[in-house]
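First comes the structure, then the notes that go with it.
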Amino acid sequence: MKPSQDYVLVLDEQQRQMRSPELPDISSQYPFIVVSSVEHAVEQTRQAIPCLVILVGENHAWFENQVKALRHSSQSPSMTIVALTDSASPRWNASEKALQLDGFLVKPLTDDILVSLVQSAIVKQSYRSGGWDTFSEPTQGQVC
């Protein structure tokens, strides 16, 4: 079955951090697909591009490799990619821009935060896939 684009892809090599039972409200609104390898993640994105990708891991170099593979897979600009980290031990540093991440998702998570993030990712995806990547002045008779 091909998922809709309003789904969340979780790339967690050990599949230990995020499971649907831990997110009962959000997982009923937006499907979560958990994969354990970047190969499975790339295969999944080729079927349907997720609105949001959450990377779960401990290793900064691992994040970098996964982001590169996902960004080069297919129509990647429309995906929002975030890395999960813990508020007690954040894993970001000054070189985060080099990772090509869109941001960090900081635990503890709440349904409100996840719903807001997914909705933002959906808007970003529709904005970019609609060809509205750049701002242009309206022409005469055009409504904004």
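The values are calculated or read from the model by the stated rules, or taken from the named source; none is laboratory data. The model shown is predicted, which means the values in this text are computed figures rather than measured ones. No Cβ is skipped: glycine too gets one built from the backbone with ideal geometry, and neighbour counts run over all protein chains shown. Remember, those area values only see protein heavy atoms, side chains included, never the ligands or the DNA or RNA. Shrake-Rupley method; radii C 1.70, N 1.55, O 1.52, S 1.80 Å.
Here's a check for you: in the stretch 88-106, which residue that is modelled with pLDDT of 70 or more and closer than 17 Å to VAL53 by Cβ is surrounded by the most Cβ atoms within 10 Å (Cβ to Cβ)? The extreme case among them is LEU101.
Taken together, the residues in the stretch 27-47 that are touching a residue at least 12 places away in the same chain (Cβ under 8 Å), open to solvent by less than 50 Å² (accessible area, probe 1.4 Å) and in a helix (DSSP H, G or I) amount to 5.
Among the conditions (1) at pLDDT below 85; (2) open to solvent by less than 70 Å² (accessible area, probe 1.4 Å), ILE122 misses just one, which is (1). Restricted to the stretch 48-64, and to residues there that are part of a loop (DSSP other than H, G, I, E, B) and in contact with a helix residue (DSSP H, G or I) (Cβ under 7 Å, 6 or more places away or on another chain), the residue that is modelled with the lowest pLDDT is GLY57.
Residues in the stretch 13-26 that are surrounded by fewer than 19 Cβ atoms within 10 Å (Cβ to Cβ) and modelled with pLDDT of 65 or more: GLU13, GLN14, GLN15.
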